[in-house]
Protein chains: 2
Amino acid sequence: MRITDMHITPIAIVDPPLLNAAGLHAPYALRIVVELVSEDNIYGLSEVPGHYDTLAALEAARAVVIGSDPFNFNGLQLRLTERFGTVDEARGSAPWDQRKLVHVLSALDVACLDLTGKAIGRPVVDLLGGKVRDRVDFSAYLFYKYEGAGGELGFDTDPSATGWAAARQKAALDPQGVVAQAQAMCNEFGFKSIKLKGGAMEPQIEVDSMLALAEAFGPGTPLRLDPNAIWKLETAIECGKQLEGVLEYYEDPVRGQEAMGQLRKAVNIPLATNMCTTSFEDLPGSVRHHSEDIILSDHHFWGGLRASMDLARFCRVFGRGMSMHSNSHVGISLAAMVHLAAAVPNLTYACDTHYPWQSDEVITQGRFHFEDGAIEVSNEPGLGIELDRAALAKLHEQYKTCGLTYRNDEIEMQKVEPGWKFMSTRW
Amino acid sequence: MRITDMHITPIAIVDPPLLNAAGLHAPYALRIVVELVSEDNIYGLSEVPGHYDTLAALEAARAVVIGSDPFNFNGLQLRLTERFGTVDEARGSAPWDQRKLVHVLSALDVACLDLTGKAIGRPVVDLLGGKVRDRVDFSAYLFYKYEGAGGELGFDTDPSATGWAAARQKAALDPQGVVAQAQAMCNEFGFKSIKLKGGAMEPQIEVDSMLALAEAFGPGTPLRLDPNAIWKLETAIECGKQLEGVLEYYEDPVRGQEAMGQLRKAVNIPLATNMCTTSFEDLPGSVRHHSEDIILSDHHFWGGLRASMDLARFCRVFGRGMSMHSNSHVGISLAAMVHLAAAVPNLTYACDTHYPWQSDEVITQGRFHFEDGAIEVSNEPGLGIELDRAALAKLHEQYKTCGLTYRNDEIEMQKVEPGWKFMSTRW
């Protein structure tokens, strides 16, 4: 079987004004939809974060991809790595750096799995060795945010919205706002675990937000705080001491494996990361520093679903728990995340997802449905989804008109607070 | 798809009187052939080392296997591990210890891959992500040995034998004998790399054998010596110094990760192991001690082909080379080894195989053919082999009449040298 065509479509999806350590989400988040088509006209889909560099990298990969056997991802990966640089190169030292390569590999791994799964009539999870669970739990993903719906409305709201669609337009800039957001989100989706994206407010406000969530949701509710590595070690220790017994895990309070390893000895809360250990090259350092207890996998950043299975083995062998990271995304990524989570025995934490913050979709079945915070694993061939080509065209048009070509939360923040600067360590 | 039947057949295959650190090979080597049959009457094969414990473990696993989906090995592995103990248990602390569990998992992983590969019409290598090479190189595997053909002939020889079949009956108990064996084997199979099983003779004889091989085959020939961890550190250093620049790698000269790590600093030859790092639980210690440069994979001991792919990732990430270990085996194991080696980008060393020492076979195509020391990777569905049921019945009969139920090279050696005792460190 040969791949005869490769369609690469950048899209923009409406995203509300969410705050984080890097600044503010733009009114649109960018994604790239990749479609591989085989000679017998079966197609495979994937979705990766949108960036003009990734777009160019995917375009450059096309010549290597066309004519390849979708069942032979190992061979394809070898040819792409040989042509565009190995993972040993320093990031940014080559026109095609490692971060682009993993996105390209992820896009092709997932699309090949979807395509071949459809060709043999089996779900993608079977090509990862089969499922160990029928439902995949996700967590509520809370953000400090400004009022606004994002997209054309920007900081305005749609007064006709109801339910969660209305609630997600509201500002959340203090503990009470965060609790209200959590209640609305958990009401709608049934999430049992709750994560707050921190690093946006004064540390004590974020600690107080977690304490307010613990108060509102009761003891035992799995709570997580992610300050995105913007805290000093002393701050992280001081805040951590207040959150011992409250947090399920403490995600990236400080920057780098060494500081994480130091914090881990000082605070009695499991540490999680998707910032200090984010690639296979980081694993020796993870072992050396014992920088975390839990690694948040992300198939977009680790080079695909099969590579993520390898990460899962590392986690089992080296005593790391495994959870899952997310960015703003639509249903193709979500489907891939579900198949991966279903195959990994040690992915025992509810996964992150930004999905409730999005309203756009590119698949014919429409928006995925959560029941009790979980998504059922599809038994349909491939990823179990079909591309809505009209929706794709609309979101591509949205991409062309929105004017964004990459994500820059600092620039967005400066539109609200002129002169605002990202700081790698702020508090 | 469901598995409706599981056939477990112990077999005995003729094995010549080969010497090693543990003693002497018996006239027959034991293997177990496992056949899984699906509801639509497709069958999948595998082969694992024969031991009455493994046989009992496989029989006990049958109730878990029947009714399982062969596409869902993850789920099957989880149920088997839950039922029979986890890998965290100390070896031998449970009736079904980890060493048996990995053999059972290996048997089921390979048979499920063969079965599902046949079901979807794709070779097993495609279910491991696809091939990165079309031919898999093997190495000549030399042994010190007594004269004899093994099997019924025992220490006698068949005078009608010709070519390699005649040469392999000859004794090899000194450097000249080893060189003659190597020349006959390389003539027949075209191997380009040469390994000598050591640990059987005085260390200086083994060093001299390697120097004689280097002399006979010329500089640059990849040579390996494997004393099976029976040497003291001082001996290994002393011998190693004589072999710097001669050996491609030095396999398990000493016992344990700590001693291997010490040796590694003292001798300028890459160290390889299939003794100190033989399971996923050993990997943290491997990193701590940096006990080797090269890990010899063995899908029988690591829990299957998919688990071996995980090991390959570990090797890439932690800077270990990868080669492949072998025991006496027939064509089912060899086919599985070829599919694995074809899928692993970093399996760059010629693989070990005992295959030239065997004459029996259980597959309809007959004995595998080596060309220039390599085997071509099959593109046929599954492992690309079919079971010769008449040959299987004959080898099962041979099992019942030979009287062996497990491998014990010490007892065999005592038949030649009464009172001989295995010593974990001899020289």
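The values are calculated or read from the model by the stated rules, or taken from the named source; none is laboratory data. In this text, all values refer to a predicted model and were calculated from it rather than measured experimentally. Please note: Cβ atoms are built from the backbone with ideal geometry, for glycine as well, and neighbour counts cover all protein chains shown. What goes into the accessible areas is simple: the full protein's heavy atoms, side chains included, and nothing from ligands, DNA or RNA. Shrake-Rupley method; radii C 1.70, N 1.55, O 1.52, S 1.80 Å.
The residues of the stretch A:33-54 that are within 16 Å of A:D114 (Cα to Cα) and either aliphatic (A, V, I, L, M) or open to solvent by 20 Å² or more (accessible area, probe 1.4 Å) (or both), listed by number, are A:V33, A:V34, A:L36, A:V37, A:E39, A:D40, A:N41, A:I42, A:Y43, A:L45, A:V48. Residue count for the stretch B:208-220 under the criterion of being open to solvent by less than 10 Å² (accessible area, probe 1.4 Å) and touching a Gly at 6+ places or on another chain (Cβ under 9 Å): the result is 2. On inspection, A:V246 fails the criterion of being without any contact (Cβ under 8 Å) to a residue 40 or more places away in the chain and either among the hydroxyl-bearing types (S, T, Y) or within 14 Å of another protein chain (Cβ to nearest Cβ) (or both).
When the stretch A:254-266 is examined, which residues are found to be open to solvent by less than 10 Å² (accessible area, probe 1.4 Å) and part of a loop (DSSP other than H, G, I, E, B)? Passing the criteria: only A:V254.
The lone criterion from (1) in a loop (DSSP other than H, G, I, E, B); (2) at pLDDT 95 or above; (3) charged (D, E, K, R) left unmet by A:E35 is number (1). Against the list (1) surrounded by fewer than 22 Cβ atoms within 10 Å (Cβ to Cβ); (2) in contact with a helix residue (DSSP H, G or I) (Cβ under 7 Å, 6 or more places away or on another chain), the condition B:T353 fails is (1).
Listed here are the residues, each with its yes/no results for (1) within 13 Å of chain B (Cβ to nearest Cβ); (2) over 26 Å from A:A111 (Cβ atoms).
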residue	(1), (2)
A:M275	no, yes
A:V317	yes, yes
A:C351	no, no
A:F370	no, no
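On the stretch given as the stretch A:373-385, residues that are in a loop (DSSP other than H, G, I, E, B) and open to solvent by less than 90 Å² (accessible area, probe 1.4 Å) total 7. Going by the structure shown, is A:G130 small (G, A, S) and more than 17 Å from A:A26 (Cβ to Cβ)? For A:G130, the condition - small (G, A, S) and more than 17 Å from A:A26 (Cβ to Cβ) - is met. A:T401 fulfils the conditions (1) touching an Asp or Glu at 6+ places or on another chain (Cβ under 9 Å); (2) open to solvent by 20 Å² or more (accessible area, probe 1.4 Å) except for a single criterion, (1).
Within the stretch B:401-411, the presence of at least one residue that is closer than 25 Å to B:N274 by Cβ, touching a Lys or Arg at 6+ places or on another chain (Cβ under 9 Å) and in contact (Cβ under 8 Å) with a residue 24 or more places away in the chain is confirmed. Evaluated against (1) over 26 Å from B:E417 (Cα atoms); (2) buried (at least 17 other Cβ atoms within 10 Å of the Cβ), B:A200 falls short on exactly one condition, (1). Residue-level analysis places B:T353 outside the set of residues that are among the β-branched types (V, I, T), modelled with pLDDT of 95 or more and outside any loop (DSSP other than H, G, I, E, B).
Residue-by-condition table, conditions (1) at positive phi; (2) outside the structural domain of B:Y28 (by TED's automatic domain parsing); (3) within 16 Å of the chain's Cα centre (by Cα); (4) not β-branched (V, I, T):
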position	(1), (2), (3), (4)
B:V317	no, yes, no, no
B:R320	no, yes, no, yes
B:A342	no, yes, no, yes
B:H369	no, yes, no, yes
B:K394	no, no, no, yes
B:V416	no, yes, no, no
B:G419	yes, yes, no, yes
B:T425	no, yes, no, no
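Note on the stretch B:178-200: residues that are of a type outside the set (A, V, I, L, M) and in contact with a Leu (Cβ under 6 Å, 6 or more places away or on another chain) amount to 2.
Quick grid of which residues meet (1) in contact (Cβ under 8 Å) with a residue 40 or more places away in the chain; (2) surrounded by fewer than 18 Cβ atoms within 10 Å (Cβ to Cβ); (3) closer than 30 Å to B:S38 by Cβ:
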residue	(1), (2), (3)
B:K145	yes, no, no
B:A172	no, no, no
B:A182	yes, no, no
B:N187	no, yes, no
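Here is the figure for the stretch B:321-337: residues that are open to solvent by 10 Å² or more (accessible area, probe 1.4 Å) and outside any loop (DSSP other than H, G, I, E, B) total 1.
Look at B:L340 and say whether it is within 12 Å of chain A (Cβ to nearest Cβ), open to solvent by less than 10 Å² (accessible area, probe 1.4 Å) and within 19 Å of B:A272 (Cβ to Cβ). The answer is yes for B:L340.
Residue count for the stretch B:51-86, restricted to those that are at the interface with chain A (Cβ under 10 Å from one of its Cβ atoms) and of a type in the set (A, V, I, L, M): 2. Taken over the stretch B:221-253, the criterion of being within 19 Å of B:Y144 (Cβ to Cβ) and either among the charged types (D, E, K, R) or open to solvent by 10 Å² or more (accessible area, probe 1.4 Å) (or both) is satisfied by B:R224, B:D226, B:N228, B:T235, B:Q242, B:V246, B:L247, B:E251, B:D252.
The one condition from (1) in contact with a Phe, Trp or Tyr (Cβ under 7 Å, 6 or more places away or on another chain); (2) more than 14 Å from every other protein chain (Cβ to nearest Cβ); (3) closer than 20 Å to A:F318 by Cβ that B:P284 does not meet is (2). Picking from residues in the stretch B:120-143 that are more than 8 Å from chain A (Cβ to nearest Cβ) and either free of Cβ contacts under 8 Å to residues at least 12 places away in the same chain or of a type in the set (A, V, I, L, M, F, W, C) (or both), the one that is nearest to A:D109 (Cα to Cα) is B:V125.
Summed over the stretch B:287-315, the residues that are more than 10 Å from every other protein chain (Cβ to nearest Cβ) and either assigned to a helix (DSSP H, G or I) or under 19 Å from B:T348 (Cα atoms) (or both) give a count of 15.
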